[in-house]
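First up is the structure itself, then whatever we jot down about it.
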Amino acid sequence: MEPPDEAADPMPIRALLRRLAGVHVSRGDGLTFVLLAAVAMLLMAVEAVTGVLLALYYRPTTADANDSVRFVVTEVEYGGLVRSLHYWGAQSLIAVLGATVAWAALRRAYRAPHALAWISGIALAVLAVAEAFTGSLLPWSHRSVVDAQLSSSLAAQLPLVGPLLRGLMLGGSQPNDLSLVRILGLHAGVLPMVASICIGALCLHAAGCAPRHPSAGSLSLSPHAALRAAALAAVVAIALLALSSLLPPHLGASAEVARASAAGLRPSWYLAFVHQMLSAAPPKMIGLPSARVLVTAVALGVATLALFPLFDRRASRAGQVAVLVTLAAIVGGTIRALLH
């Protein structure tokens with residue numbers, strides 16, 4: 001008997017489910033990747049939906065931005081919960097993507113043919129940090145103005161492109177209305193677009209590498225692995241809702257650029273490591289301003305980590321140790337900075 005012609009199937013969804021049922025994942029690494037991916041996709045969906053709802057009321061001017069966010073929190077029904085979900089979803093997404101990168105390094109999943117997935121995963125983690133940071137600037141509170149000033153100053157330290165980046169970020173010498181418009185464009189347009197490309201690359205990689213024949217100790221993607229992923233996503237959704245209800249993020253008062261000061265402000269946890277390095281560094285290193293040296297080193301370090309499969313084609317044990325030590329240093333430095 002000939003198999004049914006999927007192209008002639010009047011119900012494409014049924015054909016898709018048959019294809020998914022033919023994909024199998026291992027109970028170890030394969031299932032772990034599916035579970036982490038399901039949680040990450042859930043958090044991305046939360047960010048997209050809540051971001052659209054918040055954008056309906058947001059006014060990107062220095063005079064109105066803070067008041068528009070405050071209106072959502074205090075006047076719009078469930079507005080405070082939506083903003084809280086958006087905030088904690090962003091923090092959780094950084095943690096999940098960071099854990100995924102650490103797990104991939106531990107399992108040496110950057111080896112061929114997984115190099116594309118590794119690079120895309122690193123890029124998504126960096127984009128998640130950028131999304132959370134640009135989002136923290138949009139309320140235009142005192143902290144937002146200080147963060148905008150400091151981040152643009154650090155970006156200016158990058159060789160060659162630094163001054164151009166600062167100008168693109170601020171639209172002038174100081175934060176202004178144009179700065180907010182550009183930050184909003186990055187947060188709601190450019191960064192999600194790049195993230196979509198990375199997600200597409202991960203999906204193509206998963207579709208190409210997933211085995212289509214069962215083996216010992218494997219699970220079918222649909223329904224067995226999918227049901228486990230759905231159950232975990234439901235637990236995460238309930239936990240996120242509880243966290244957002246119990247710990248809403250603080251919204252500071254609207255700030256004046258001329259009076260903004262970093263005194264007494266602590267950096268966000270995902271940038272604490274970099275802030276700690278800059279605070280502990282001497283004024284100059286190798287004859288150059290320490291900020292320029294450290295910012296360049298961090299940028300080169302992230303790029304090297306992402307492109308590591310190109311440098312360690314044989315996936316040696318020494319290469320794995322180097323990646324794990326780098327990630328451990330980042331985690332340890334972040335914890336130390338937060339406890340300082």
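Where a number appears in this text, it was derived from the coordinates with a stated rule and is not lab data. Note that the structure is predicted; figures quoted are calculated from it, not measured. So basically every Cβ, Gly included, is an ideal-geometry build from the backbone, and we count neighbours across all protein chains shown.
Points to keep in mind about this one:
- Sorted on the mean count of surrounding Cβ atoms within 10 Å across their residues, most packed first, peptides 146-152, 246-252 read 146-152, 246-252.
- Neighbourhood charge, 15 Å Cβ-Cβ cut-off, centred on Arg228 and excluding it, Lys, Arg +1 and Asp, Glu -1: 0
- Inter-centroid distance (Cα atoms) of the stretch 90-122 relative to the stretch 174-193, Å: 27
- For the stretch 36-124, the list of chymotrypsin sites (Phe, Trp or Tyr not before Pro) that fall in a loop by DSSP and count at most 12 other C-beta atoms within 10 angstrom reads Tyr78.
- Debye, to nearest 20: dipole size of the stretch 51-117, +1 on Lys, Arg Cβ, -1 on Asp, Glu Cβ: 580
- Three-way shape label, the stretch 19-252, alpha-carbon gyration tensor, a/c 1.5: oblate
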